[in-house]
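Read-outs: derived from the displayed coordinates by stated rules, not from any lab. Computed from a prediction, not measured in an experiment: that's the story for all the values here. Note: ideal-geometry Cβ built from the backbone for every residue, glycine included; neighbour counts use all protein chains shown.
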Amino acid sequence: MLTWKILTLCCVFLALLWQGRAAYSLAYLMVVLFGAAPLLLARSGNRLMVSRGSRERFLFPGDEASVSVALRNPTLLPFAWVSVQDSVPTGLVKGTRRARPVVALGSRQVKEVAFPLVARERGVYRLGPLRVAAGDFFGISTCHLQVPAEETVVVYPHVRPLPELGLPSRLSFGSLKALERINPDPARLAGVRGYQAGDPLRTIHWPATARTQELQVKQFDHTVTANCLLLLDLYEGDYPPDHFFPSVERAVSTAASLAAHIIQRGEACGLAANAVLSEYWPERTDIVHETGYVQFQPRQGTQQLSAILLALAGVQPQNHVDFYSLLAESRKQLRGASILLWVVPEDTPQLLDAAAGFLREGQRVLIFAVERVLHGELLAAPHGSALQLFAVSPGGDLPL
Amino acid sequence: MNVKSILPALAGVFTAAIVFLAARYASLFSTVLFVPNWLWAFLLGSALESAYFAAYFLTPRTPFTVRLVELALWLGPIYLLVGRSPSAFLWPACLTAVCWLLARGCGLELSRLEKVADLIGDQGASTVSWEYESLTSMGQDELALGFFWRRVIACAAAVVVLAVAAHRREVKAAGALLLELRLAGGTAAASGLALLGGAYLFRLQTLWACAKAAVDPALPREWLRNLAIIVALSLALVYLAPIDYSPVTADTVGRLLAAVLSRGVELPELPKAAPEERPSFSQSGDPLPEVDSVGLGGIILTAMYLLLVALVSAVLLAALGFILFELTKGEIERLRGLPRLAVQVYAAVRRAVLQVLAALGRLKSIKPIKGQAIFPGQGEERPSEPSADRDSPPKRGVRALLLQIARQAGKKGLVFRRSQTPWEYGQALRGQFFPNEEVVGEFFQGYQRARYSRSGLSGAEEERVLAAGTQILNRVREWKGDEKDG
Amino acid sequence: MDNAAAVAEFGQKMLYNIGSVLIGKEKPARLLLVALLSGGHVLLEDVPGVGKTMLARAIAASIGGTFSRIQCTPDLLPADITGLSIYDQKAGDFVFRPGPIMSQIVLADEINRATPRTQSSLLEAMGEGQVTVDGKTYVLEQPFMVLATQNPVEFEGTFPLPEAQLDRFFICVSLGYPTAAEEREMLYLLQERHPIHDLKAVTDPQRVRSLQQAVSRVHVEESVGEYVVRLVQATRSHPQVQLGASPRGSLALFRAAQALAALEGRDYVLPDDVKEVAVPVLAHRLMLKADSVLRGVKGAAVVSALLSQVAVGAERVEDMGS
């Protein structure tokens, strides 16, 4: 480039010295091409506006989407070409190459370029920064920009129907007898007792009153609605090293599927996991996550499912908080009766000992072993037992 | 869009225009070098043929005889046209051969550019940084595109030298010749710039294809359109810009040197400038002897000289500063003394230019773009896929009439979609063809009764509905686009 | 006067009467009339305070029927709905005290706050038109219509209706907020005394029963019936739907289209009638997939999309050639 600039200077000097239209014309052309054009391009390049269409995006595994980036040239100088390169993580790249859209951008023109994405695997990803290059029409100069526009892409874990996981299609959790009095359940008649002042009239048990000739009122059991709490074991040491990642992903997918099943039935579901969250995980005020713990209080509704799946998208295994520590931590949070769903790699004897402790407190424990079942006899436990064991089938793993 | 197909044409036009221009200037020096007008066609034809042949068909294995025959096919007719005179044939043949060879070089280079993808290959494309290789201007001289730059600038410089020589020898072109020269010059400049821009696009396209970049299909079209605008603006600038305003010309410098030398050797007197000589600076009288004068004119002249010397010194220093700035990559701390001063002068000039540009930029009020969404909606509703229907089509009556109307309206762009009910279609029809007319309502209500009610239409009712339908059908047939009557 | 004309006249009177109490709710009121004429029940999904109770009361008053309201809470017992037999110590026998379900127009407010068992007792009454208390069956007086409401926003402490029970609701309607002009008109209308107290009956329950029978005789041309079936079947194969509409859904769509046609004064059904009632009749019957729910897809959007895809089957234009 230096040679051409020197040549331009020479042309200018010669034109000034020699005079004549031809000499001046050549000098002018050289000045325009090698003097003014690079300056104008650099100036226009600095004013090029690049913006993303959104800040966050949520996908399910297998989903295809495209990220939009708008290019706006506010100047009068057209760009011969503008190349945009986005920093797309490997887990989202569609095909074998990262897309590099190239467009022409006229004066005061707005154009949109798209980067196709495919959600290959669960995770929280960060797109950006954008690297933009623009050039003139003659290959004399280019300008480069780095735009810090970033976008978070959340790929939820795969949510499967329960039969695909080898689980009963209608896992019913129902309600559970509580140790604490919360609400009298009109569906659970515990017995009758004598009327006391203040008892509502509608609770009078008229047949018993007729029999005894004294007012008798119905006594109900006290229950809470099924507060299900998913406990997900993501302690690295509990998973077999030879197929660590498939097992972890299966555990996460199982937890997500169970959460979806429970919440879609209108019941409350919470989550606790001994995991760390992805560094790109978008901050949410409703999720407690300290070092090694991710916890949600049980709630109902689609928003709760969305929050749980969002957390499960970002959880990663860790090696300093084991599952028993998580159980101890969760026990403090439990209020009244709960159904605990443990998603673990295998049902070790220590795990069953820990489950026995919860059973003594009146909780139901459902263990979902994603890797191996050691106590096969528990698989045959009748429906509604306080302790049940389920073997999660690996057949549903997505070959993404 | 295949850019390569137009590049040999541009190369041919440029080569022919340059050679023609050079020949015309040469003819100003000697009548022996005169070329007839018909040679322009031969120059253009041979250049185009040579460029296209080289770009598309020529390979290293092409026999040499083929190339000779190719050239001979152009020279033969020239020999016949000049009356089989070897002396008259020599100059036109020489020009044609030069033109043919220059165009051949461009064609070969185009062919070579295309093979970059083959040379790099998939593996190369993934390992070599294609942006660095293709998109940055660093090392441009060494890249393939440098060939075209060198070719164009060298040709232009050669013509400029001839033109300047003619200018300095006071050989003036006038009338038709001047027009010819201007046309040829303009053609050469336009085609040369277009060739440079086009070759760059072609090279980028090749590399983009190699790197599998997602190039906007509209890019080549927009590129060429914008390139045409820029070339036109550049040429307009070149033609409209002032010329011959420099106070320092070769003659002035020569005289100054002569004056200095004469003072040193005590020459009695400077040679007088010819009265008709340009530029006008030398025509302002005999200034040099007045230098010693203590009068007002002498002071002014001395000041002008000092100013001139300062200006020339500043220009030279700035030029030197630019070169040093480039060589040191802007690290002026490493420089001392005069080089540092030169770079500082260059930096000052550069700052001044940038400030002027910035001031000009501020003068322009840039309005935001209105009514243009950055992220427009994701398209419109698509017509649904047709699905099977077991109803056989009616041959006559109200239903058949509706089908005829739908067919005619479909030709005019209003398709009866399968997911539309007849009434919805009627409303669409009313909106497009019959605003504020009840005839559509009458027909479609009648149609609904005929199609869906248990009783159907009576004879009189059917006639009335058929009449309304026929009216609609005729209106739709006659409809010619934007017509909308009440 | 033929049957369709009589229904249309009934509809106009009812809408006028309801319109004098509720401003700007003609469309939901029409849909409620469709449900009434089809013998179906209505689920009103809306936030509190938009006029659900007033609509139910206005309908009850307009048909001269009885009206009752049940405020559903978690401690609501089935007997609170059906009624219970109370032992009369003087008479020495059980006396049946009827519950609110024994009215002709019943408003079950916030039905999803009642426990599933209580919901079941209500829905059983809706489905069978009778209740059984202490072994004795009581037939509910016709016309009988339940208008249940639920808040689509709140989830905490609720027992969402299972899909099977949602299917028992003939249509699901949202009233929505009034416009500013409607709200202003409402303020002045209610300035002194609520017009519901002065609302006069425009018909009687016996007449409504006969109109219901008239509606069932509205002609449905074969292609329209097939369109109903195609629509319902399309809901079952839609990629975003886990569980499509049931045959009960197609029957409801068929009947709703008949009622709407009759309200328009026609004795035949048009595909337009089917389209108009498809969303309120089908949308709440669809069970969407978990990912679709998280994407914010609604049943109404799925049905609307199907309406723009499924062939109506009116005519085959391409058969005419070109």
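Relative to the longest principal axis of the Cα atoms of chain C, the long axis of helix C:3-19 lies at roughly 60 degrees. Residue-wise HN-Hα couplings along segment A:27-35, as the Karplus relation 6.51 cos²θ - 1.76 cosθ + 1.60 with θ = phi - 60° gives them from phi, are 5, 4, 4, 5, 5, 4, 6, 9, x Hz; Gly and Pro carry x.
Placing R0 at 51 angstrom, the Cβ-Cβ distance between residue A:243 and residue C:139 gives a FRET efficiency of 0.20 after rounding to 0.05.
Give me the net charge for the shell around residue C:293: Cβ to Cβ below 14 angstrom, other residues only, Lys and Arg +1, Asp and Glu -1. So the environment of residue C:293 carries a net charge of +2. The phi-based Karplus calculation (6.51 cos²θ - 1.76 cosθ + 1.60; θ = phi - 60°) puts the 3J(HN,Hα) values of segment B:344-358 at 5, 4, 4, 4, 5, 4, 5, 4, 4, 5, 5, 5, 4, 4, 5 Hz, whole numbers, x for Gly and Pro. Using only Cα coordinates, the Kirkwood hydrodynamic radius of segment A:2-46 works out to 10.8 Å. Ordered by the count of other Cβ atoms within 10 Å of each Cβ, fewest first, C:246, B:85 give B:85, C:246.
What ranking of A:94, C:13, B:115 emerges when the number of other C-beta atoms within 10 Å of each C-beta is taken as an exposure proxy, fewest first? Could you put the intermediate results ahead of the total?
Working: A:94 17, C:13 14, B:115 11.
Ranking A:94, C:13, B:115 by Cβ neighbours within 10 Å, fewest first, gives B:115, C:13, A:94.
Using the alpha-carbon atoms, what tilt in degrees (0 to 90, nearest 10) does helix C:247-263 show relative to the longest principal axis of chain C? Rounded to the nearest ten degrees, it is 90. Here segment C:104-241 is treated as an ellipsoid with the same Cα gyration tensor; its semi-axes, largest first and in whole Å, are 29, 24, 24.
Here segment B:3-240 has an Rg and Dmax of 19.7, 61 Å, counting Cα atoms alone.
May I ask which of A:94/C:275; C:25/C:298; C:25/C:136; B:411/C:25; B:212/B:411; A:332/C:289 have a Cα-Cα span longer than 30 Å here? Each step should come with its number before you reach the end.
On the way: A:94/C:275 40 Å; C:25/C:298 23 Å; C:25/C:136 40 Å; B:411/C:25 42 Å; B:212/B:411 41 Å; A:332/C:289 34 Å.
Going by Cα-Cα distance, A:94/C:275; C:25/C:136; B:411/C:25; B:212/B:411; A:332/C:289 fall outside the 30 Å limit.
The alpha carbons of segment B:182-240 occupy a box of 43, 16, 12 Å along the principal axes, longest dimension given first. Mean projection of the Cα convex hull over all viewing directions, computed for chain A: 29.5 nm².
Take each residue in B:196-202, count the other chain C-beta atoms within 10 Å of its C-beta, and the mean is 4.
Going by average Cβ density within 10 Å per residue, which order do the peptides A:349-360, A:301-312 take, highest to lowest?
Details: A:349-360: 15.1, A:301-312: 20.7.
Most protected by this proxy first, the peptides run A:301-312, A:349-360.
Over the whole of A:29-42, what's the average partner chain Cβ count within 10 Å per residue? Rounded to a whole number, please. Please report the intermediate quantities before stating the final value.
Working: counts 10, 2, 2, 7, 5, 0, 1, 3, 2, 1, 4, 1, 0, 0.
Average neighbour count from other chains, rounded to a whole number: 3.
Give the average, rounded to an integer, of partner chain Cβ atoms located within 10 angstrom of each Cβ in A:260-268. Mind dumping the intermediate values first?
Working: counts 5, 1, 0, 4, 8, 3, 8, 2, 3.
Across the residues of A:260-268, the mean count of other-chain Cβ atoms within 10 Å is 4.
Using a cutoff of 8 angstrom between alpha carbon atoms and counting only pairs six or more residues apart, the relative contact order for segment C:114-224 works out to 26 percent.
Tell me, what is the percent relative contact order of chain A, built from C-alpha pairs under 8 Å that lie six or more residues apart?
Details: 814 pairs, mean separation 53.5, N = 400.
RCO, chain A: 13 percent.
Sequence-ordered 3J(HN,Hα) estimates for segment B:200-213 from the Karplus curve with 6.51, -1.76 and 1.60 and θ = phi - 60° stand at 5, 4, 4, 5, 5, 4, 4, 6, 4, 4, 5, 8, 6, 6 Hz, glycine and proline given as x.
Dividing the summed helix terms, -39500 (n - 2.57) for each DSSP H run of n ≥ 4, by the number of residues in chain A produces a 222 nm estimate of -8000 deg cm²/dmol to the nearest 500.
As a proxy for reagent exposure, ranking A:347, A:238, C:134 by other Cβ atoms within 10 Å from fewest up yields C:134, A:238, A:347. Assuming charge only on the beta carbon of Lys and Arg (+1) and of Asp and Glu (-1), the dipole of chain A about its Cα centre is about 1700 debye to the nearest 20. The calculated P(r) of segment C:218-311, using every Cα pair and 5 Å bins from 0, goes 3, 16, 27, 23, 15, 9, 5, 2, 0 in percent. Just add up the charged neighbours of residue B:37: K/R +1, D/E -1, any other residue whose Cβ is under 12 Å from the Cβ of residue B:37. In short, 0. Counting alpha carbon pairs within less than 8 Å and at least 6 residues apart, what relative contact order, in whole percent, applies to chain C? Computed value for chain C: 23 percent relative contact order.
Think of segment C:7-215 as a dipole: +1 on every Lys or Arg Cβ, -1 on every Asp or Glu Cβ, centred on the Cα centre; then among C:174, C:205, C:87, C:205 lies furthest on the positive end.
Computed on segment A:49-155, the Cα convex hull volume stands at 87 Å³ per residue.
Using the Cβ of residue B:100 as centre and a radius below 11 Å, the other residues enclosed give a net charge of 0, where K and R count +1 and D and E count -1.
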